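Below is one structure; the comments refer to it alone.
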Amino acid sequence: MNENSKVLETYEQAVLERFPDWVQADEREGYQGLLVDPANLLSLMEALRDDLGYDLLSSVTGVDYLPDEKMEVVYHLFKSTGGPILEIKVQTPRSKTVVPSLVGLYPGAAFQEREAWDLLGIKFENHPNLKRILMWEGFEGHPLRKDWEEVYYGDEKKPYEDRWPEGRAKKIEQDLPYKENIAYPESFNPETWIPEPSELLFKGSTPLEQDKQIDTEKLVVNLGPQHPSTHGVFRMVASLEGETVVDLEPVMGYLHRNHEKIGEKNTFAMNMPYTDRLDYFCSMSNNFGYALAVEKLLGERYQPPERAQYIRVIMAELTRVLNHFMAIGFFLNDLGAYFTPALYTIKERELILDIFEAVAGSRMMCNYFRFGGVVRDLPEGMEGHIREMVYDRLPRQIDELDRYLVENEIVVGRSQGVGVLTPEQAIGLSAAGPVLRASGVPYDIRRADPYSIYDRFDFEVAVRYHGDVYDRFLIRYDEIRQSIRILQQAIDSIPQGEILANKPAYKYRMPKGEAYGRVEGPKGELGYYVVSDGTDNPWRYHVRAPSFINLTGLREMCLGEKVADLVAILGSIDIVLGEVDR
Amino acid sequence: MPDELNKPEYKVPPELEGTVAITTLDRIYNWGRRYSVWPMFFGLACCAIEMIATAGARFDLARFGMEIMRPSPRQCDLMIVSGTVTKKMVPQVVRLYNQMPEPKYVLSMGACASGGGPFKRGYNVISGVDKYIPVDVYVPGCPPTPQALLYGLIKIQEKIDKESIKEVGWYQKEEDPGVPVPILGPDLIDLRDFPELMERLANKEDQA
């Protein structure tokens, strides 16, 4: 931990010394990173990317500092060769929040800037397509602004008065005109109101030019939100020429459940079960990232004890195995092997869920991690059970899947050379996790910026070099095998002892400041950006969702491919809508 | 048909005894329907994963004649609303419901679909799908375990058993107009709250 922060300091120092006129250190209490003026942002970022090697812009988000009348945009970027994350911040007045868009330099910022516009109302100048992404066009207001109140607004923070027990409850919806979660602006008059046509449904995102030579029909195909292959409620609007995809626009937000707004009203501890519901396959690693972020805020005293560290790693790696098994199963579904391979992988998932149920009490929504450790120790006999799984069962099963699927002619034919993402594209588009590594960039946070106790284990960073659908499929096998290696080492060396550094608590004394905690989730870099103003509730709680940002590259992967391959390409990214839309 | 055939006390002629069994039309009809419920392959959120697990080998939905999940609403009898229904998604959910042929049933799976669940206070979340479409069975849980979902599905079967074609709405002469599909404006607009707006939009569609 200390070593990392020292490295980070030297990194920040290097930037400060090099660009003394543009940047200054953020000297607010508990804050780190560098402040830059909006006018110098573009030139600074270009220099950082081209001269200093910060080629991967990991996350873009905003914070509304209402008392200071300021809106802040926060960028996290790192070098794809490894090392800690650098934080750059831009402040603008709240009344006129305009920041230059970074899409020209880092195309991966496209969706995240749209999200910041949607939820916080930050305008990004020269963004090619700045419209709402999670809510719909025409929605009133920017929900994450601190002065925006939702319909069910009860109180600044939980627990709400109107849900207080002892028979004093008065439900907020009893006073609402529509009795439901709906409110209209005063200017809304249903008798004169004209609905906006949803153009996207009927028209491609760019006008289609007719080809003079071959007489093919151009048409727009809408896949989703109810489509068996979109892994949930995701929508793709594809413009086709014959069978070839000439343009593609992902549409999302159908499962936008307002994690971040709800998270700001919760206490820090209350957010833990909400993180389970982000990527609902991988609740354990979601917990992990959030716990790391808050532990950074809380400081050294909350470093988990040894045994808890091992339990955390074991659970996170089991989650990765589970997720990749399911990813392989669903990917085969998408290729047309309808549900037979998936049934095999669901079988393994059930066995891992049995472990989760035994340790946490719930199959899917584990809510197992706490700040400074985990909530419960492993039950009796569990270590032996896990040992049997990781030494005997899982290696055998992954070999079985390998034997049946990897050289299957149809799998190879459908996926080799399809949906290629070059390493340069992958880095530019801020891809993470298996998508990035299948494109030949061996970036794994467990190695590049180690957290918890990952520096003690012997494993290899899985990497493949073609960047096509087939490699994204294969890399999941590699990662399962590496995870099993880590699991074997962890279960062999797990010590006895405490599992929580402090007493279990409902509220924590939170110092002022900010923290960004990230883990290598099964789908990529899962980061939590938490800002505390010293009260019980986070001032800002942002999730850097790997599935969401990996989708930025979907269009690049699909252009020029056949429409039948769209489904395979989407399946190879492995998205979960709970995390895409949050 | 002689009238006494419709009476339950009708005596089977001696030469047919042992080869025919007598039951009511409702019973034989419902017996057929209860073992061929086709759920829609329609996942919304976390609960959908448990729904898929229920279809998997360990819990095996096929034991109840429900293993055929169809992605198209036109071929389905049962909509399992498996997850949080958001304002952006509810028009599609209602449209899918309208597209299902009768007889149709709705099972609301989990806390979110039944009442908003942990996300109830969210600005984009519907406080229960039953505000828009009629729900037959609610299954609590976050997410419900596959066992709980199976229990809910058995409840649907019991409900089917109790129905009689004399009374059910979908066997009557009048056609069900369906639920008006909500639209997205400055906030979600439920057209049933605004009859004038509904009329105006209908007229506009007629002209176009």
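The values are calculated or read from the model by the stated rules, or taken from the named source; none is laboratory data. Values in this document were obtained by computation on a predicted structure and should not be read as measured data. As a convention, Cβ positions derive from the backbone with ideal geometry for all residues, glycine included, and neighbour counts pool all protein chains shown.
At-a-glance table
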read-out: Any helices (runs of 4 or more DSSP H) falling wholly within region A:416-464 and containing at least 1 residues that are more than 24 Å from A:GLU46 (Cβ to Cβ) and of a type in the set (Phe, Trp, Tyr); value: none
read-out: All positions within region B:139-189 that are of a type in the set (Gly, Ala, Ser) and either away from chain A (no Cβ under 14 Å) or on the phi > 0 side of the Ramachandran plot (or both); value: B:GLY141, B:GLY152, B:SER164, B:GLY169, B:GLY178
read-out: Tally of residues being surrounded by fewer than 24 Cβ atoms within 10 Å (Cβ to Cβ) and closer than 24 Å to B:MET89 by Cα across region A:555-582; value: 2
read-out: Residue in region B:83-104 that is small (Gly, Ala, Ser) and more than 10 Å from chain A (Cβ to nearest Cβ) present; value: no
read-out: Among the residues listed as B:ASP130, B:ASP136, the single one being under 11 Å from the mean Cα position of the chain (by Cα) and without any contact (Cβ under 8 Å) to a residue 60 or more places away in the chain; value: B:ASP136
read-out: From the options B:TYR97, B:TYR29, residue that is aromatic (Phe, Trp, Tyr), at pLDDT 85 or above and more than 29 Å from B:GLY115 (Cα to Cα); value: B:TYR29
read-out: Residue in region A:119-141 that is within 19 Å of A:VAL63 (Cβ to Cβ), away from chain B (no Cβ under 14 Å), of a type in the set (Gly, Ala, Ser) and surrounded by 21 or more Cβ atoms within 10 Å (Cβ to Cβ) present; value: no
read-out: Boolean, A:VAL233 is touching a residue at least 60 places away in the same chain (Cβ under 8 Å), within 12 Å of chain B (Cβ to nearest Cβ) and β-branched (Val, Ile, Thr); value: yes
read-out: Residues (on the phi > 0 side of the Ramachandran plot and free of Cβ contacts under 8 Å to residues at least 60 places away in the same chain) located in region A:339-398; value: A:PHE339, A:GLY361, A:GLY381
read-out: Filter result for A:MET382 (in contact with a helix residue (DSSP H, G or I) (Cβ under 7 Å, 6 or more places away or on another chain) and surrounded by fewer than 20 Cβ atoms within 10 Å (Cβ to Cβ)); value: yes
read-out: Subset of region B:105-125 [touching a residue at least 40 places away in the same chain (Cβ under 8 Å) and within 7 Å of chain A (Cβ to nearest Cβ)]; value: B:VAL125
read-out: Region B:178-204 - residue that is among the aliphatic types (A, V, I, L, M) and out of contact with any Pro (no Cβ under 8 Å at 6 or more places or on another chain) and, of those, surrounded by the fewest Cβ atoms within 10 Å (Cβ to Cβ); value: B:ALA202
read-out: Residue pairs meeting the criteria (Cβ under 6 Å; at least 6 apart or on separate chains; first more than 8 Å from chain A (Cβ to nearest Cβ), in region B:49-76; second among the small types (Gly, Ala, Ser)); value: B:MET51/B:SER82; B:LEU61/B:ALA55; B:GLY65/B:SER36
read-out: Among the candidates A:ALA360, A:ALA308, A:ALA342, residue that is out of contact with any Leu (no Cβ under 9 Å at 6 or more places or on another chain) and of a type in the set (Gly, Ala, Ser); value: A:ALA360
read-out: Checking A:ARG540 against (1) surrounded by fewer than 17 Cβ atoms within 10 Å (Cβ to Cβ); (2) within 19 Å of A:SER59 (Cα to Cα), the condition it does not meet; value: (1)
read-out: Hits in region A:263-295 (condition: surrounded by 21 or more Cβ atoms within 10 Å (Cβ to Cβ) and away from every other protein chain (no Cβ under 14 Å)); value: A:PHE268, A:MET284, A:SER285, A:ASN287, A:PHE288, A:GLY289, A:TYR290, A:ALA291, A:LEU292, A:ALA293, A:VAL294, A:GLU295
read-out: Residues located in region B:102-131, provided they are over 16 Å from B:LYS155 (Cβ atoms) and among the polar types (S, T, N, Q); value: B:ASN124, B:SER127
read-out: Failed item in (1) within 22 Å of A:ILE475 (Cα to Cα); (2) assigned to a loop (DSSP other than H, G, I, E, B), with A:MET326 passing the rest; value: (2)
read-out: Residue selected from region A:329-343 under the condition more than 10 Å from every other protein chain (Cβ to nearest Cβ) and of a type in the set (A, V, I, L, M), by the criterion surrounded by the fewest Cβ atoms within 10 Å (Cβ to Cβ); value: A:ALA337
